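Below is one structure, written out as structure tokens; the observations come after it.
None of the figures in this text is laboratory data; all of them are computed from the coordinates on show. Remember, it's a predicted structure, so these values are computed and weren't measured experimentally. Every residue, glycine among them, receives a Cβ derived from its backbone with ideal geometry; neighbour counts consider all protein chains shown.
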Amino acid sequence: RPPGPDSSLEPYVQTRIFKIIVIGDSNVGKTCLTFRFCGGTFPDKTEATIGVDFREKTVEIEGERIKVQVWDTAGQERFRKSMVEHYYRNVHAVVFVYDVTKMTSFTNLKMWIEECNGHAVPPLVPKVLVGNKCDLKDLIQVPSSMALKFADAHNMLLFETSAKDPKESQNVESIFMCLACRLKAQKSLLYRDVERRPGRAHRLELTRDANGKSACPC
Ligand SMILES: Nc1nc2c(ncn2[C@@H]2O[C@H](COP(=O)(O)OP(=O)(O)OP(=O)(O)O)[C@@H](O)[C@H]2O)c(=O)[nH]1
Ligand SMILES: [Mg+2]
């Protein structure tokens, strides 16, 4: 049967892209965490990131394919200064990382949050806190209770992870999946899509409704 007028009502499937930036001191493990999420492995050797490295992974949430675009940023000031504006432009979510074995990487979070706030990131943009290198149990300097208090005060979820330990890979996955779920649930992104592509919003909405209940892991 040739396609009739009804074919225009078929749900329009478009892969949405969520831009998630990973921020924090140099050496806390941002590159390793993003590698673990996007590639599934722990890199043997890393160099300090210069500017930004992009990694991405397509995930499926409630039947919708979503491209999670991870921006692995540089922690060293000299490698990031010309890039900062690009990091924060149209960002959908922010991951702040510290190293549980290095107190200064935790106390510096204040500075990273200030930088983020200084770039007019809307309050609706979800932010999470990640304490990395939990496999180094004997070297822990930042107690969970302290990190939790900080996360609460800043309205963020806390994830304690290890990019290195394969047994923790599920935890690393849940950082990004949790954010992707929250973003998917946010109507504002839908409206942003509407602005860019007039006429297609209705079909996107149909896709959402058809998928029923949330499969969010958090
Ligand atoms: N034990 C342990 N080491 C880790 C872990 N994650 C990263 N590392 C090590 O920490 C060092 C720094 O990791 P990177 O991922 O390059 O750090 P970064 O935050 O990207 O650093 P910049 O790019 O300079 O901002 C490397 O030697 C990693 O092997 C972890 O979960 N456990
Ligand atoms: Mg790096």
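For the range 130-169, which trypsin sites (Lys or Arg not before Pro) are both in a DSSP coil and crowded by at most 13 other Cβ atoms within 10 Å?
Of the trypsin sites (Lys or Arg not before Pro), not one in the loops of the range 130-169 has a Cβ with at most 13 other Cβ atoms within 10 Å.
Using 7 Å Cα-to-Cβ label points, what is the residue 46/residue 26 separation (nm, one decimal)?
1.4
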